[in-house]
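First up is the structure itself, then whatever we jot down about it.
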Amino acid sequence: MNAIPDIDQLSQEQAKTELASLTKKLTRANNAYHGEDSPEISDAEYDLLKRRNAEIEDHFPELKRADSPTDLIGSKPAEGFAKVQHAVRMLSLGNAFSDADVVEFDNRTRKFLGMGQEVSLEYTAEPKIDGVSLSLRYESGQLVHAATRGDGSVGENVTANALAISGIPQKITAAPDVLEVRGEVYMALDEFIKLNERQISNGEKPFANPRNAAAGSLRQLNPQITKSRPLNFFAYAWGQLSAPLAETQMEAINRLSAFGFKTNSLTKICNNPDEMIGHYNSIEQKRAELGYDIDGVVYKVNDLALQKRLGFRSTTPRWAIAHKFPAELAWTRLEEIDIQVGRTGALSPVARLQPVTVGGVVVSNATLHNEDYIKGLDSKGKTIRGGKDIRVGDWVQVYRAGDVIPKIADVDLQKRPEQTTAYKFPRHCPECKSDAIREIGDAVRRCRGGVICPAQAVEKLKHFVSRGAFDIDGLGAKQIEMFYHDAELRIAEPADIFTLQMRDQVNLTKLKNRDGWGEKSAAKLFAAIDEKRQIPLAKLIFSLGIRHVGESASTLLADHYGRWEDFETAITSAKIDKGEQWDGLIGIDGVGKVMAISLITAFGQGAERASIDRLIEQLQPQEMIKRMPVNSPVAGKIVVFTGTLEKMTRAEAKVRAEALGAKVSSMVSAKTDLVVAGPGAGSKAKKAEKLGVELIDEDTWLTLIGDA
Ligand code: IVH
């Protein structure tokens, strides 16, 4: 074997040739690994080549290739893309579907800021690009990574692929030291058509739409493939910054453009909802000629100081909204109505349709919501679709808006086949045959089978491993179905996931010897499961799949209780409608009676509770890290606002108090630290006096938080 030449001895030309050869070998090895082919080189050899490649790059940085294996997903090829923690969360946008929603957005924004209609408030309006969002982090002008949105907190490192996109510079000048540029990766329509022609002639599946093509091309493990798929990037926002870009959204976008990013020329400043809607209409008219897909218009408060004051809800900013274009429609025949049983036992009717293309996507299912909806009634008993019911065999008009599940807009009674009968909604669970009961005031009929219903168990497990919950690599819906029906390695409830490896060790047929599994994939799965034993409290609460307890409610609960033990003790000892624990629970802003009852019921039910306890035995739930500014005098204090505030709105007061680490409650109790009372404060101020809780006015509060 030839001796490996010392890097110091390499000429530029030799270094270049060696980098090319290393890239080829490493990419091939990587593809072989991911393609589940037998690997051509050992892991140790792979690591050695990868290190050599990185060392040459260190020595000859100018020779680093766009498709460098260094950027090829970290050091462990088996894990797919490396994960990137976003310094600032990547959020989504709230939606407006009508002109009235836009007016309402303006009113809401003004109300939060305490701004009357007489004060001018500017917005930017720009196309909403229908692609995939991407965050680009630059340090000292150099691109250090590009990351997909992922779950908003953690995305995937797609740096090598991002460099293959035109409009993403590797270096920028005169930018802040730290600059995260955010925008949308998309594929132009003509490129999309050409790509699909190539896919078909290569015997591969065409993409359903340009967004899927862009997403699929960005998430290629081989950057060479990304390179062969012409992608573009529009910059429209930013994440972390070491220095502000500008004072307004518009100027900030202009700066991004000056750094060399493509920004959208249809971005315009509007002074009121009329102008916003006017610009929306004009963009909609241009839609067909743009050459790329857009699905609406995004409005943003122009003044960045106001954006800061408005802040964020759990997943969307208060200072922006997406005004969506109307949904696309198509007629087709309804062939069957199936009933799906969800994790909370809800029986959900699904329309199986003769496949039809709606806005470029083939649709074969649509949601039918519940039995009233099928009958032609809304949740308040009023008629919808002119009271027309939906029957098997009907011609129905399907619509889809964005990513939402297609729905049925209308029924053509002229085409209704003779002798059809109204659909009879089942009274029993189709999966476990238990009674399916509809409670008064509930639109949904639910299976009473509880833990004996296999459909509920499987759906609960799928929810448990889903993205916002445990999100275990290699354990998705498909694997859950497989393990649920596995006689030897059964996963019947969440705790079983964490005993899987132990059970596998004492089993005769090991997981690694089964069809579709191998030594590496089994070991990887066990490692991924182990990694999640330490789980953030909010994710743990969400994963339990308790009715009415969604992702943002779970975060509120985790923020409030901090530790699993405290949460569990509080919910277990809480009594519906009475006592301190109940008051504490519904005192959390955002937790209502319905959710509180649902939590208490879940924790009080023998079988469900036992299953939670078995799960907890397997885990080390993490304490919620308190985001408390050290210097804040109100950090950790429970504060209640009451009466009329004069310097800011109640909503803004709450958001600012929370940003300083205070907990804002809507009820006064012995646990309250401080009541801030404005004019007109009534029973809450009286209660505070009675309980000896400190009572201050708004000015004193502002002085206290250093904002007089
Ligand atoms: S601003 C804090 N502007 O739409 C949120 N988003 O549905 C900042 N999108 O996640 C986003 N075009 O991926 C913004 N002009 C635009 C956009 C845009 C497309 C995407 C983005 C976002 C999603 C929300």
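The values are calculated or read from the model by the stated rules, or taken from the named source; none is laboratory data. For clarity, every value in this text was computed on a predicted model and none was experimentally measured. With ideal geometry, Cβ positions are generated from the backbone for all residues, glycine too; neighbour counts draw on all protein chains shown. Heavy atoms of the whole protein, side chains included, go into the accessibility calculation; ligands, DNA and RNA do not. Shrake-Rupley method; radii C 1.70, N 1.55, O 1.52, S 1.80 Å.
Split the accessible area of the chain by element, probe 1.4 Å, and carbon with sulfur accounts for 51%. Under the combined filter of DSSP loop state and at most 14 neighbouring Cβ atoms within 10 Å, region 480-554 retains these GluC sites (Glu not before Pro): Glu488.
Among residues other than Gly682 with Cβ under 14 Å from its Cβ, the summed charge is +3 (Lys and Arg +1, Asp and Glu -1).
Across q = 0.10, 0.20 Å⁻¹, region 519-664 modelled as identical point scatterers on its alpha-carbon atoms has Debye log10 I(q)/I(0) values of -0.42, -1.27, in the order of the q list.
Loop-resident GluC sites (Glu not before Pro) (DSSP state other than H, G, I, E or B) in region 117-148 with no more than 13 further Cβ atoms inside 10 Å of their Cβ: Glu118.
I need the shape label for region 314-437. Rule: rounded when a/c is under 1.5, else prolate if a/b > b/c, else oblate, with a, b, c from the alpha carbon gyration tensor. Oblate, because a/c is 1.5 or more while a/b does not exceed b/c. Taken per residue, the accessible surface of the chain reaches 49 Å², heavy atoms only and a 1.4 Å probe. For the peptides 174-181, 565-572, the ranking by mean Cβ contacts within 10 Å, running from highest to lowest, is 174-181, 565-572.
Please state the shape class of the chain: rounded when a/c is under 1.5, otherwise prolate if a/b exceeds b/c and oblate if not, all from the C-alpha gyration tensor. In terms of gyration-tensor shape, rounded. Packing here is the average count of other Cβ atoms within 10 Å per residue, and on that basis the peptides 273-286, 417-430, 216-229, highest first, run 216-229, 273-286, 417-430.
Per-residue accessible area (protein heavy atoms, 1.4 Å probe) orders His59, His86 as His59, His86, starting from the largest. With the helix formula -39500 (n - 2.57) applied to DSSP H stretches of n ≥ 4, the chain reaches a computed 222 nm mean residue ellipticity of -10500 deg cm²/dmol.
The shape of region 394-481 comes out oblate: with a ≥ b ≥ c from the C-alpha gyration tensor, a/c is at least 1.5 while a/b does not beat b/c. Counted over all Cα-Cα pairs of region 115-179, pairs farther apart than 20 Å make up 47 percent. Each Lys and Arg Cβ is given +1 and each Asp and Glu Cβ -1; about its Cα centre, the chain then shows a dipole of about 1380 debye. Peptide packing for 260-266, 554-560 was compared via the average number of neighbouring C-beta atoms within 10 Å per residue; ordered from the highest value, the list is 554-560, 260-266.
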